[in-house]
Amino acid sequence: MTITTDQATWFADTFEKLVANVGQAVLGKADVVRLALSCMLAEGHLLLEDAPGTGKTSLARAIAATVQGSHNRIQFTPDLLPSDVTGVNIWDQRKGDWDFRKGPVFASIVLADEINRASPKTQSALLEVMEESQVTVDGIAYGAGRPFMVIATQNPIEQAGTYRLPEAQLDRFLMRTSIGYPDRASSIKILLGAAERDRSAHLPALITTSAVADMADLAATVHVDASIADYISALAEQTRHAPQTRLGVSVRGALALTRVAKVWAAAHERTYVLPDDVKDLIAPVWTHRLILDPEAEFAGATAQSVLQVVAADVAAPQERVRAS
């Protein structure tokens with residue numbers, strides 16, 4: 001069943017209210033907030049590559065407060081263990097049985113701060129929960145609930161003492177983007193409100209977590225025409241054949257772009273996906289999935305520039321893409 005016009009109108013109106021509410025804590029970053037909320041409603045995860053002090057924690061807290069969800073922050077360090085993230089079984093002498101103590105990953109919004117500072121073993125503890133929204137300990141699966149989103153951060157400047165995320169884990173992130181520094185007007189507002197250390201603490205909850213799950217289910221019914229699916233597939237194939245890349249976009253990457261394009265279309269009050277939705281999202285969804293050829297990278301090629309060429313080379317469909 002495809003989303004109706006009335007449902008699309010409600011979705012878009014609710015989406016903009018969520019953006020405005022989160023924007024009270026993350027000033028001047030409406031575009032980033034839209035991407036983050038689209039990522040959540042597509043039931044994916046977000047990787048933020050940014051310098052310290054740009055509002056990454058505020059973004060995670062503001063989203064959790066807006067959707068009436070829980071929020072946990074995990075500071076990744078070299079001595080962090082996988083059980084520190086997922087949880088551990090503890091023997092309860094009174095019950096005479098093992099008791100599972102849930103780790104901080106069991107929250108609506110989980111901020112994995114400086115994820116590349118933990119060992120690969122600890123990083124891999126997130127693989128199952130990010131892909132399947134569950135944690136398996138001693139053969140027992142524990143669901144993470146809905147909504148569930150990991151917002152992981154990396155400092156792109158300081159790389160000493162870090163462990164590069166493997167491609168398999170990078171591919172688990174639906175999007176990669178950065179918040180960046182605020183503009184002058186937003187900076188002034190932040191400075192004038194310096195007495196309020198955490199703007200997200202006073203945000204009203206606009207929607208329940210169950211309603212967020214309903215929005216995600218509704219967005220999943222947005223119509224994707226066969227010509228749009230062919231367009232996304234052609235773009236992915238072109239990234240694999242580009243001379244600047246050693247590894248292009250996987251099928252998971254193509255599916256990720258399709259999922260978030262549905263949310264993007266609903267957020268713009270449409271019941272169907274347009275080629276422009278795909279073009280708007282190709283950079284945040286695919287830049288972290290490309291592995292560039294070292295010689296091309298040395299010559300100045302970037303994932304962003306490769307995707308720009310790919311998008312220009314692949315013709316967008318011109319025929320009707322509306323739901324029938």
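Results, tabulated for the structure shown:
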read-out	value
Hits in segment 214-232 (condition: open to solvent by 50 Å² or more (accessible area, probe 1.4 Å) and within 21 Å of the chain's Cα centre (by Cα))	Asp214, Asp217, Ala220
Contacts under 6 angstrom Cβ, first residue in segment 296-310 being more than 11 Å from Pro243 (Cβ to Cβ), partner among the polar types (S, T, N, Q), 6 or more apart	Ala303/Thr287; Gln304/Thr287; Val310/Gln238; Val310/Thr239
Options Ala216, Ala254: the member that is aliphatic (A, V, I, L, M), free of Cβ contacts under 8 Å to residues at least 40 places away in the same chain and closer than 21 Å to Cys39 by Cβ	Ala254
Filter pass, Ile115 being touching a helix residue (DSSP H, G or I) at 6+ places or on another chain (Cβ under 7 Å) and under 20 Å from Leu290 (Cβ atoms)	yes
Residue within segment 126-144 that is at negative phi, in contact (Cβ under 8 Å) with a residue 60 or more places away in the chain and part of a loop (DSSP other than H, G, I, E, B) present	no
Filter result for Val32 (within 30 Å of Asp214 (Cβ to Cβ), of a type outside the set (Gly, Ala, Ser), without any contact (Cβ under 8 Å) to a residue 24 or more places away in the chain and surrounded by 16 or more Cβ atoms within 10 Å (Cβ to Cβ))	no
Tally, over segment 187-245, of residues that are outside any helix (DSSP H, G or I), at pLDDT below 85 and among the β-branched types (Val, Ile, Thr)	0
Residue satisfying condition, being over 22 Å from Leu41 (Cβ atoms), surrounded by fewer than 16 Cβ atoms within 10 Å (Cβ to Cβ) and β-branched (Val, Ile, Thr), within set Ile115, Ile140, Ile74	Ile140
Per-region count, segment 178-195, residues open to solvent by less than 30 Å² (accessible area, probe 1.4 Å) and among the hydroxyl-bearing types (Ser, Thr, Tyr)	1
Failed item in (1) open to solvent by 10 Å² or more (accessible area, probe 1.4 Å); (2) out of contact with any Ser or Thr (no Cβ under 9 Å at 6 or more places or on another chain), with Thr245 passing the rest	(2)
Pick from segment 267-321, criterion basic (Lys, Arg) and crowded, with 21+ Cβ neighbours inside 10 Å, ranking: farthest from Glu167 (Cα to Cα)	Arg270
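The values are calculated or read from the model by the stated rules, or taken from the named source; none is laboratory data. Please read all numbers here as calculations on a predicted model, not as lab measurements. Every residue, glycine as well, gets a Cβ built from its backbone with ideal geometry; the counts of neighbours run over all protein chains shown. Remember, those area values only see protein heavy atoms, side chains included, never the ligands or the DNA or RNA. Shrake-Rupley method; radii C 1.70, N 1.55, O 1.52, S 1.80 Å.
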